[in-house]
């Protein structure tokens, strides 16, 4: 229970911090809409000039879901933890009587809670604009799988970002790491190019990278008409990635602490 | 004092001012380069990041054309040309702008902005020009290579007129891009928020694609908010397609620069220092 109370404590702090700067929060949320809506518009234009694997309705459904799924699986640990290692604030964290991941998870969940509530009016607006074209059929089993896929995507993203953050112990640099990983994530997560519309070579790379679980995989679970073997294969690959990142993170954290120089603050 | 002497003095003053700013830019560039080389790993990773960014953009453009040969009046190589022009405009602007739009809110909040105000130099220039990101040279090189590659694929041989038009429209696009960014960053004096600048950059990313592929209403919107002048119009000039908007780009650039500077000076009047 104690870790849970700690997580809720840190989540509450960051909820209040974020609520202080409401205009910045609003701009931040709108920022998350620009990319998916731009790509949706372009793919709709492309669809007018060719026949694609997705029709108009599926393209709109895909990119509206992208807005929500990417927000729900997002994690910011590479910059949060990386910056605190770089400027010495990590020293305050490691003397606490709990693992730093408890605080980081609380922080991430606090930010996520704010996003979740601000997504509600956006969902209403998008529904009013696109409800004729929005097409999903939900069954209980599909909904459960979707929620599981979201949780898996978030867990993989969280441990992936924290594993990258551990490299800051040696590299003393987090900004470029974060930017590079964000680029790769954008390209291969399905945020820009849906798996169904990608060329074959791109698909074979995307299917086996962890980035697919951040956006594309949860949406595939929802959009596909039936629950297929591919969905279960996807979950298996995702769980393997989660275990790998968990193990690598622990090793890097253990060795990184020995190397940590505790920069002055 | 006769008019010839007055004109001579005014010309001398102008040349002195221009040479002062050029010397200042050279000094800032030199020290920014030395600071960038302090963190060698970061320097190398940034170059790698610029290359990766370009490759991903090329991949996305090729994916759009996987099932079709043209989108609107644009084929893959001409769309790549638009992307190259956009990238060149961004790289050039960011070379001189660095991260000043993002750091401005923190400087205002902490009171460090006072040290910028007290400098005996144009405040608007120094607010957004006191740092230079020299690693954008690599971005410039990569995006120029993309433009060159696309031009070769398109077998472009623009006339002197179209080349000159491209230079003018590209120069205008730099002014417009910088003016939009600095105008939004100026809102920091009231909002203390860097998220607005981040939102601006996201919206400006739309100009990496030709804006006339969208519906007439969206294209009209992007003409009034002058985004179409950033990459689509210069690219069209290079493609030998001069339009009415090509000739309009320089006046729009001057207007956007004027609005940006006037808004900035208005914002400065409402600034009250946070330092003790």
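Taking segment A:4-25 as the range and being assigned to a helix (DSSP H, G or I), free of Cβ contacts under 8 Å to residues at least 40 places away in the same chain and either within 28 Å of residue A:63 (Cβ to Cβ) or within 12 Å of chain B (Cβ to nearest Cβ) (or both) as the test, the residues that pass are A:20, A:22, A:23, A:24.
Put simply, of A:165, A:196, A:262 the only residue that is over 27 Å from residue A:100 (Cα atoms) and in contact (Cβ under 8 Å) with a residue 40 or more places away in the chain is A:196.
Tell me the residue from A:179, A:187 that is surrounded by fewer than 19 Cβ atoms within 10 Å (Cβ to Cβ), under 17 Å from the mean Cα position of the chain (by Cα) and either within 13 Å of another protein chain (Cβ to nearest Cβ) or touching a residue at least 60 places away in the same chain (Cβ under 8 Å) (or both), please. Give the steps one after another, and end with the answer.
Details: A:187 fails: surrounded by fewer than 19 Cβ atoms within 10 Å (Cβ to Cβ).
Testing whether each residue is surrounded by fewer than 19 Cβ atoms within 10 Å (Cβ to Cβ), under 17 Å from the mean Cα position of the chain (by Cα) and either within 13 Å of another protein chain (Cβ to nearest Cβ) or touching a residue at least 60 places away in the same chain (Cβ under 8 Å) (or both) leaves just A:179.
Screening residue A:49 on (1) surrounded by fewer than 18 Cβ atoms within 10 Å (Cβ to Cβ); (2) out of contact with any strand residue (DSSP E or B) (no Cβ under 8 Å at 6 or more places or on another chain); (3) under 26 Å from residue B:64 (Cα atoms) shows it passes everything except condition (2). Helices (runs of 4 or more DSSP H) fully within segment A:152-265 that include at least 3 residues being out of contact with any helix residue (DSSP H, G or I) (no Cβ under 9 Å at 6 or more places or on another chain) and more than 30 Å from residue A:47 (Cα to Cα): A:229-259. When you check residue A:51 against the structure, is it out of contact with any helix residue (DSSP H, G or I) (no Cβ under 7 Å at 6 or more places or on another chain), more than 30 Å from residue A:262 (Cα to Cα) and within 14 Å of chain B (Cβ to nearest Cβ), yes or no? Yes: the conditions hold for residue A:51. Within the set B:105, B:101, the sole residue that is in contact (Cβ under 8 Å) with a residue 12 or more places away in the chain and more than 11 Å from chain A (Cβ to nearest Cβ) turns out to be B:101. Only residues that are surrounded by 16 or more Cβ atoms within 10 Å (Cβ to Cβ), more than 26 Å from the chain's Cα centre (by Cα) and in a loop (DSSP other than H, G, I, E, B) were counted in segment B:39-71, giving 3.
For segment B:95-119, how many residues meet the condition of being outside any helix (DSSP H, G or I), touching a helix residue (DSSP H, G or I) at 6+ places or on another chain (Cβ under 6 Å) and surrounded by 19 or more Cβ atoms within 10 Å (Cβ to Cβ)?
Initial filter on segment B:95-119 (outside any helix (DSSP H, G or I)): B:98-99, B:111-112, B:118-119.
This time we only want the ones that are touching a helix residue (DSSP H, G or I) at 6+ places or on another chain (Cβ under 6 Å), so: B:119.
Next, only the ones that are surrounded by 19 or more Cβ atoms within 10 Å (Cβ to Cβ) stay: none.
Within segment B:95-119, residues that are outside any helix (DSSP H, G or I), touching a helix residue (DSSP H, G or I) at 6+ places or on another chain (Cβ under 6 Å) and surrounded by 19 or more Cβ atoms within 10 Å (Cβ to Cβ) number 0.
Considering every residue within segment A:201-217, establish whether at least one is within 13 Å of chain B (Cβ to nearest Cβ), under 19 Å from residue A:73 (Cβ atoms) and out of contact with any strand residue (DSSP E or B) (no Cβ under 9 Å at 6 or more places or on another chain). Write out each step before concluding.
First pass over segment A:201-217, keeping only residues within 13 Å of chain B (Cβ to nearest Cβ): A:201-203, A:205-206, A:211.
Now drop any that are not under 19 Å from residue A:73 (Cβ atoms), which leaves A:206, A:211.
This time we only want the ones that are out of contact with any strand residue (DSSP E or B) (no Cβ under 9 Å at 6 or more places or on another chain), so: A:206, A:211.
Looking for residues that are within 13 Å of chain B (Cβ to nearest Cβ), under 19 Å from residue A:73 (Cβ atoms) and out of contact with any strand residue (DSSP E or B) (no Cβ under 9 Å at 6 or more places or on another chain), one finds at least one in segment A:201-217, hence yes.
When residue B:197 is tested against (1) over 14 Å from the mean Cα position of the chain (by Cα); (2) within 14 Å of another protein chain (Cβ to nearest Cβ); (3) touching a residue at least 24 places away in the same chain (Cβ under 8 Å), just one condition goes unmet, and that condition is (1).
Taking segment B:11-22, which residues are exposed (fewer than 13 other Cβ atoms within 10 Å of the Cβ) and within 21 Å of the chain's Cα centre (by Cα)?
Taking segment B:11-22 first, the residues exposed (fewer than 13 other Cβ atoms within 10 Å of the Cβ) are B:11-20, B:22.
B:18, B:22 - these are the residues of segment B:11-22 that are exposed (fewer than 13 other Cβ atoms within 10 Å of the Cβ) and within 21 Å of the chain's Cα centre (by Cα).
In this structure, does residue A:34 turn out to be in contact with a strand residue (DSSP E or B) (Cβ under 7 Å, 6 or more places away or on another chain), facing chain B (nearest Cβ under 8 Å), surrounded by fewer than 21 Cβ atoms within 10 Å (Cβ to Cβ) and not in a loop (DSSP other than H, G, I, E, B)? Considered against the rule, which asks whether it is in contact with a strand residue (DSSP E or B) (Cβ under 7 Å, 6 or more places away or on another chain), facing chain B (nearest Cβ under 8 Å), surrounded by fewer than 21 Cβ atoms within 10 Å (Cβ to Cβ) and not in a loop (DSSP other than H, G, I, E, B), residue A:34 comes out as no.
With B:268, B:228 as the choices, which residue is closer than 26 Å to residue B:154 by Cα and away from chain A (no Cβ under 14 Å)? The conditions single out B:228. Can you tell me which residues in segment B:51-82 are over 17 Å from residue A:43 (Cα atoms) and more than 10 Å from chain A (Cβ to nearest Cβ)? Hits for segment B:51-82 are B:51, B:54, B:77, B:78, B:81, B:82.
All of the numbers you see were taken from the coordinates with simple rules; none came from a lab. Remember, it's a predicted structure, so these values are computed and weren't measured experimentally. Ideal geometry is used to build each Cβ from the backbone, glycine not excepted, and the neighbour counts take in all protein chains shown.
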